[in-house]
């Protein structure tokens with residue numbers, strides 16, 4: 001594995017990408033347990049609601065720990081690492097789209113362009129930027145793709161982002 005120029009991450013991927021891959025598998029398994037209804041609603045479950053006003057790494061860890069506890073021991077990995085979905089990056093510092101990305105995504109993204117918390121995989125801090133990595137299920141790909149085309153949106157598909165993590169994961173690309 002090439003050296004990543006990542007300052008900090010949750011989960012810690014400084015020695016290996018395996019913690020990221022494990023977290024991704026947990027996220028996909030959790031989100032695939034429901035496949036009908038309003039995506040924006042069922043991917044913002046009360047069980048995983050993030051604590052208010054905490055630093056991003058701590059918030060992502062709290063959501064991931066709650067998800068793993070709720071999954072229990074009986075969850076199964078998807079045969080595909082991405083379960084038919086893709087990875088989206090959310091850059092929490094402005095600019096944001098002013099709610100336009102949320103509208104274009106059919107409510108999948110919120111008014112700050114943030115993906116639903118049930119889909120959060122990791123938080124990564126590089127020298128010049130920090131970002132949340134979220135999994136987007138196949139049912140939301142078309143709407144989220146439309147949202148990525150909104151000017152000033154705080155989101156990018158992983159493969160179109162230019163971040164350090166992009167070349168290391170060797171995962172399917174956004175179409």
ask   = So, of the residues in segment 7-33 that are within 18 Å of residue 138 (Cβ to Cβ) and in a loop (DSSP other than H, G, I, E, B), which turns out to be modelled with the highest pLDDT?
value = 32
inquiry  = Can you pull out every residue in segment 140-152 that is touching a helix residue (DSSP H, G or I) at 6+ places or on another chain (Cβ under 7 Å) and part of a loop (DSSP other than H, G, I, E, B)?
reply    = 150
key: Single match in 102, 72, 83 (criterion: out of contact with any helix residue (DSSP H, G or I) (no Cβ under 6 Å at 6 or more places or on another chain) and surrounded by 14 or more Cβ atoms within 10 Å (Cβ to Cβ))   = 102
query = Going through segment 23-51 one residue at a time, which ones are out of contact with any helix residue (DSSP H, G or I) (no Cβ under 9 Å at 6 or more places or on another chain) and exposed (fewer than 15 other Cβ atoms within 10 Å of the Cβ)?
reply = 37, 38, 41, 46
key: Whichever residue in segment 153-165 is in contact with a helix residue (DSSP H, G or I) (Cβ under 8 Å, 6 or more places away or on another chain) and assigned to a loop (DSSP other than H, G, I, E, B) and, among such residues, is nearest to residue 92 (Cα to Cα)   = 154
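Given 14, 70, which one is under 21 Å from residue 163 (Cα atoms) and without any contact (Cβ under 8 Å) to a residue 60 or more places away in the chain? Break it down into steps so the answer makes sense when it comes.
Working: 70 fails: under 21 Å from residue 163 (Cα atoms).
Selected residue: 14, the only one of 14, 70 that is under 21 Å from residue 163 (Cα atoms) and without any contact (Cβ under 8 Å) to a residue 60 or more places away in the chain.
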remark   = From the option list 142, 152, single residue qualifying as loosely packed, with under 15 Cβ neighbours inside 10 Å, more than 22 Å from residue 19 (Cβ to Cβ), modelled with pLDDT under 90 and out of contact with any strand residue (DSSP E or B) (no Cβ under 6 Å at 6 or more places or on another chain) is 152
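The values are calculated or read from the model by the stated rules, or taken from the named source; none is laboratory data. Keep in mind that what you see is a predicted model, and the values were worked out from it rather than measured. Note that we place each Cβ from the backbone using ideal geometry, even for glycine, and neighbour counts take in every protein chain shown.
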